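The values are calculated or read from the model by the stated rules, or taken from the named source; none is laboratory data. Everything numeric in this text was worked out from a predicted model, so none of it was measured. As a convention, Cβ positions derive from the backbone with ideal geometry for all residues, glycine included, and neighbour counts pool all protein chains shown. Protein only, heavy atoms only, side chains kept; ligands, DNA and RNA dropped before computing areas. Shrake-Rupley method; radii C 1.70, N 1.55, O 1.52, S 1.80 Å.
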Amino acid sequence: RRFVSECMDDTAFNGVSKEHAGKYDVVVDATGSPAGLTISSGLCRPMGTLVLKSTCAAGKEFNAAPFVIDELRVVGSRCGPIDTALELLNLDAADVASPTATPTPNQETDRNGASGPVSDEREPIQPLRVEKYITQTFPLSEAADAIRCAALKSTMKVQIICSE
């Protein structure tokens, strides 16, 4: 594991020193900045993976050439309100309410163009069943084993429990 500050060279065209340019299989960029994206792509080896952990508003100055030339795989993560995501992850079948028996009518136009009362009734939110994606769970003290397990092609997800 390296930190970007150890790999930088302001005189290099992509900001990355020769010792570190194109040397890493996976680089995680959480800067959200165009400069960070340039440096991160310069750290990736050809056909490496660049994980974007934040949105980068690069604008018109974005240079896609390094991504195409080096055939970088870019993996992103969806942004969204973390509190809502945690609430959904903690939801179980007992928490799911059935749809309201008496819908509240609203005056709207339906899909056929007819105006009249429209129901607010919605399907209940179903719990997310994420356990099915977890191949194995490890305590934090076995993080090295968890990383080895995560590297196996047969592994989908590995969970590390920090409180054990």
Qualifying positions in segment 4-35 - over 16 Å from Phe67 (Cβ atoms), of a type in the set (Gly, Ala, Ser) and either in contact (Cβ under 8 Å) with a residue 12 or more places away in the chain or open to solvent by 60 Å² or more (accessible area, probe 1.4 Å) (or both): Ser5, Ala12, Ala30, Gly32, Ser33
Criterion (within 25 Å of the chain's Cα centre (by Cα), modelled with pLDDT under 85 and assigned to a loop (DSSP other than H, G, I, E, B)) met by exactly one of Pro127, Pro103: Pro127
Within segment 44-71, considering residues that are open to solvent by less than 30 Å² (accessible area, probe 1.4 Å) and either assigned to a strand (DSSP E or B) or in contact (Cβ under 8 Å) with a residue 40 or more places away in the chain (or both), the one nearest to Asp9 (Cα to Cα): Cys44
Odd one out for Asn90, checked against (1) open to solvent by 90 Å² or more (accessible area, probe 1.4 Å); (2) within 18 Å of the chain's Cα centre (by Cα): (2)
